[in-house]
Amino acid sequence: MGNNTFGNLFTLTTFGESHGEAIGGIINGCPAGLELDLDAIQLELDRRKPGQSAIVTQRKEADKVQFLSGIFEGKTTGTTIGFIINNTNQKSKDYSHNVNIYRPSHADFTYDKKYGIRDYRGGGRTSARETANWVVAGAIAKQLISSIKINAFTSSVGEITINKPYQELDFSLIESNDIRCPDIKVAEKMISHIKEIKKQGDTIGGTITCVIQNVPIGLGEPIFNKLHAQLGNAMLSINAVKGFEYGSGFCGTKMKGSEHNDAFNADGSTKTNLSGGIQGGISNGMDIYFRVAFKPVATLIQKQETIDSDGTIIEMQGRGRHDPCVVPRAVPIVEAMAALVLADFYLLNKTTKA
């Protein structure tokens, strides 16, 4: 299997399966002498880990990261950073009924047809457990670009949506509730809705909004390595993501150019920011903001019709521990992937100017 590496200069290569012994990764390109806050890295993992509330999967994983190389006396050495996260709470028997069954809307069918073999235990390599690796690397990337502030939050669950612009939200409230929504009243409605959906053995989707502030002018390239294209690539790589829009997004298609253009102030900032902080593929110094759409989790604790590896139509029902809504645990993943993209462009910008 190819394409296990993300990034150009700041790169992450990962390994492991959901129900294997461990997952982990190798980070290349991190400059020497970066003083790391290891507790902050673990905190990011704690935000993503399973079992943290009643509205996520009850799999109990400590998700403690162990660094194997590239860090000495709390600082990066400039060499490869290796890390591992042990799997400690696998219940592979929960998937014994899936040995020859393709779960609807999972990667079971396509993976099996592509490789001729698959790990049926929790999806193996295709499981979202892989994203714990991304959060580790993203947490280091955040510290490399510490002047840039990245805040993601749940902006909708099903039909329940925040109706305020992000400028009116208090980001300090994001971690104050299980759904990671900075509008407390809306958060309560979202949580109640997810609990009701869970009782039905069903799942629900939603959106995450990410706001990136204090971005320097000049990150991104004007042709094939546009900043928004790479952010889109990162977000669409996350399990269950079905859509990405930045700035005015699809709403911009309903506007006239005279309404959509961001007029300049004398200092180069803009009076509006429908461009979403990126023009011509390059950051312009304004806030970057985008939304990521997540589909409902495909595993249902109710009966569904599907096929087995022989093509026979059968009935199946999901078992085990699954998220009724992936969105709250995906918030730190969105931040991590954004940080990886920005760290990569930060280093690329330094080499271009050298």
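The values are calculated or read from the model by the stated rules, or taken from the named source; none is laboratory data. This structure is a prediction, so every number in the text was calculated from the model and none was measured. Cβ coordinates were reconstructed from backbone atoms using ideal geometry, including for glycine residues, and neighbour counts include every protein chain displayed.
See the values below:
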item: Residue within the stretch 135-147 that is modelled with pLDDT of 95 or more and basic (Lys, Arg) present; result: yes
item: Residue identified as part of a loop (DSSP other than H, G, I, E, B), at pLDDT 85 or above and in contact with a Pro (Cβ under 9 Å, 6 or more places away or on another chain) among Gly78, Gly33; result: Gly78
item: In the stretch 81-91, residue modelled with the lowest pLDDT [restricted to those that are in a loop (DSSP other than H, G, I, E, B) and buried (at least 16 other Cβ atoms within 10 Å of the Cβ)]; result: Gln90
item: The one condition in (1) closer than 13 Å to Arg129 by Cβ; (2) surrounded by 17 or more Cβ atoms within 10 Å (Cβ to Cβ) that Phe15 fails to fulfil; result: (2)
item: Among the residues listed as Ser192, Ser176, the single one being at pLDDT 95 or above and within 18 Å of Gly158 (Cα to Cα); result: Ser192
item: Number of positions in the stretch 128-152 that are over 11 Å from the mean Cα position of the chain (by Cα) and aromatic (Phe, Trp, Tyr); result: 0
item: All positions within the stretch 312-327 that are surrounded by fewer than 17 Cβ atoms within 10 Å (Cβ to Cβ), at pLDDT 80 or above and charged (D, E, K, R); result: Glu315
